[in-house]
Amino acid sequence: MTSVIYLGQDAEYASTPMVELNYIKEFRARVVETGPNYAVLDRTAFYAEGGGQPSDTGQMHWEAGTARVSKVVKQGGIVRHLVDTVPPKGDVTGSVDWERRYAHMRMHTAQHLLSGLVFQMYGARTMGNQLYMDYSHVDFAPASFTQENLAAVEKAFNEAVESGVQVTIYEEERRVLEERIEEERAIMDLIPKGIRRLRVVQIGDVDLCPCAGTHVRNVSEIGRMRILRRRSKGKDIDRITYELL
Ligand SMILES: [Zn+2]
């Protein structure tokens, strides 16, 4: 099992607040396994695609060479870095393409804020989401939003951004969270029963949701949000597409 730095699984970063781990752009690691087009490290700050957030890209450097990391995937708990040149076993420095990662962090925290507000205002549950660098979408149900609804959500969102609500990330016992998180906000049933402690992302008193993605430390970093469109994706399901300005 590799340790994942941004999740706080690595001893060196044990005392670093979890939200700060998302800002690690460069890290040292050891190559412990390689395949025809991938490398596994003993620890990593690269985000593996999942939860609607695309994987990071970046570079891996070692004494005699450099590799481009084009994608990062997690299979059976193992994080594989897909590379154009396979590094030798030994020490490497990884560096994350920061512009791409930071765009995903802003989009991801924006998604939680949007999901939290829509749940508070209209009681609609988040059914799925897909993040990109320049726009993202979230599916809500039951939902059939009017133009006025969307304008109200956008306004509440941008007010939260202006007030600079803090984001914190921590681990909590599952049974505690099952009492604190309203059933309709997060689909806790989808998380395997064997997982007793969960990583949660809290946005002030606006939202609390289990998540393994990367996030900004304050919603002020998101900037203003604009809803681009609403599309019906079937009975009672509305997809909201948004961008950040
Ligand atoms: Zn999330």
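A simple charge model with +1 on the Cβ of Lys and Arg, -1 on the Cβ of Asp and Glu and nothing else charged puts the dipole of segment 169-218 at about 320 debye relative to its Cα centre. Accessible surface for segment 117-188, divided over its residues, is 53 Å² per residue with a 1.4 Å probe.
Take every Cα pair under 8 Å whose residues are at least 6 apart in sequence, average their separation, divide by the length of segment 37-86, and the relative contact order is 40 percent. Can you give the log10 of the normalised intensity I(q)/I(0) at q = 0.07 Å⁻¹, computed with Debye over equal Cα scatterers of the chain? Taken in order of the listed q values, log10 I(q)/I(0) reads -0.25.
For the chain, which whole percent of the accessible surface, found with a 1.4 angstrom probe, sits on carbon and sulfur atoms? Walk me through the numbers on the way to the answer.
Numbers: 5570 of 11610 Å².
Answer for the chain is 48 percent, counting heavy atoms of protein chains only.
Please sort by residue number the GluC sites (Glu not before Pro) in segment 53-153 whose DSSP state is loop and whose Cβ has at most 16 other Cβ atoms within 10 Å. Those that pass, being in a loop and sparsely packed, are Glu63.
Looking at segment 172-228, which GluC sites (Glu not before Pro) are DSSP coil and have at most 14 other C-beta atoms within 10 Å of their C-beta?
Glu182, Glu183, Glu184
Entry comment: accessible area of segment 62-114 is 43 Å² per residue, from protein heavy atoms only and a probe of 1.4 Å. Listed by chain and number, the aspartates and glutamates whose C-alpha is less than 14 Å from the C-alpha of Lys89, apart from same-chain residues fewer than 8 away, are Glu33, Asp42, Glu63.
Listed by chain and number, the lysines whose C-alpha is less than 29 Å from the C-alpha of Lys235, apart from same-chain residues fewer than 8 away, are Lys155.
Backbone geometry of segment 79-96 corresponds, through the Karplus equation with coefficients 6.51, -1.76 and 1.60 at θ = phi - 60°, to 3J(HN,Hα) couplings of 9, 9, 9, 7, 10, 8, 9, 7, x, x, 5, x, 7, 9, 10, x, 9, 8 Hz, x marking Gly and Pro. Short-range pairs are left out: with C-alpha atoms under 8 Å and at least six residues apart, the relative contact order of segment 175-245 is 19 percent. Backbone amide hydrogens, once placed in the peptide plane, bring Gly128 within less than 5 Å of Asp139, excluding anything fewer than 5 places away on its chain. Its relative contact order, with pairs defined as Cα atoms under 8 Å and 6+ residues apart, puts the chain at 19 percent.
The values are calculated or read from the model by the stated rules, or taken from the named source; none is laboratory data. Given the structure is predicted, the values throughout are model-derived calculations rather than measurements. Cβ sites come from the backbone with ideal geometry, for glycine too, and all protein chains shown count toward neighbours. Heavy atoms of the whole protein, side chains included, go into the accessibility calculation; ligands, DNA and RNA do not. Shrake-Rupley method; radii C 1.70, N 1.55, O 1.52, S 1.80 Å.
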